[in-house]
Amino acid sequence: MKKLYSSLLAGSLFALCIPLASAQNAFDVNIGFGSFHDSATGGGLDNANSLNAFGTCTPGSGDTFCQATGGLGGFFLGFGGDIMFTKRFGAGFQANIQPARSNYGPLQYRQSFLDVNGIYAPIDRKRFVVQLMGGLGDARTSFSFTQTGCVGTAVCTTQTQPVGAANHLDIHAGVGVQIYLTSHVFVRPQFDYHYVPNLTNQFNSNSVPGATIWVGYNFGER
């Protein structure tokens, strides 16, 4: 019964959004390329050769197995979409994900941010739109361990195994300028700020600034 109610609600919202988006000519889909940054904690993890494997340690303390954990950075790939219910107000979804793992001491990590935002457009012109956005979502840091084993010198295999993940509430704010190259195609330079409570369990700060260039398509007329 709960699944039925959820399906009916989702269908109703979708049916409502389509005429609203069509009436306002403001349904967009986009893909983004950018980066987000947070520094390292200064702590470390013992590698797999230690009796305290993957346990916390202090770099420079004389523990030869201790490896310093890394900071947050590198390339992020984004996916998103927006619906403007009026000329000024709308809603959107964006996901920013690291396609490649980064080093975290003896482990590797992959970071993602998934956000649902409210959108306010204080300036809307023929060729550009200024967007202010804010919302909530999920920040996920997943960890894995890569190990290589050989049989003699002829056959070697490399295996990557997940070892856990940390999920945190994500509070997101952003500002972007959507510049139309044609009546449908646009680019949007966007600056973002994520506040993630308890992210200091993995990195140095709960504050994560970043920037993304979005490329998108507008379904409608301007």
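General remarks:
- Some residue of region 63-75 being surrounded by 17 or more Cβ atoms within 10 Å (Cβ to Cβ) and out of contact with any strand residue (DSSP E or B) (no Cβ under 7 Å at 6 or more places or on another chain): no
- Scanning region 203-222 for residues that are hydrophobic (A, V, I, L, M, F, W, C) and either closer than 17 Å to Asn117 by Cα or crowded, with 21+ Cβ neighbours inside 10 Å (or both) turns up Phe203, Val208, Ala211, Trp214.
- Considering region 27-42, and only residues there that are under 18 Å from His194 (Cβ atoms) and either touching a helix residue (DSSP H, G or I) at 6+ places or on another chain (Cβ under 9 Å) or among the β-branched types (Val, Ile, Thr) (or both), the residue that is surrounded by the fewest Cβ atoms within 10 Å (Cβ to Cβ) turns out to be Thr41.
- Among the residues of region 91-113, those that are surrounded by fewer than 19 Cβ atoms within 10 Å (Cβ to Cβ) and of a type in the set (A, V, I, L, M, F, W, C) comprise Ala91, Phe93, Ala95, Ile97, Ala100.
FYI, it's all coordinate maths here, none of it is from the lab. If you're wondering where the values come from, they're calculated on a predicted model, not measured in any experiment. FYI the Cβ positions are ideal-geometry reconstructions off the backbone, even for glycines, and counts take in every protein chain you see.
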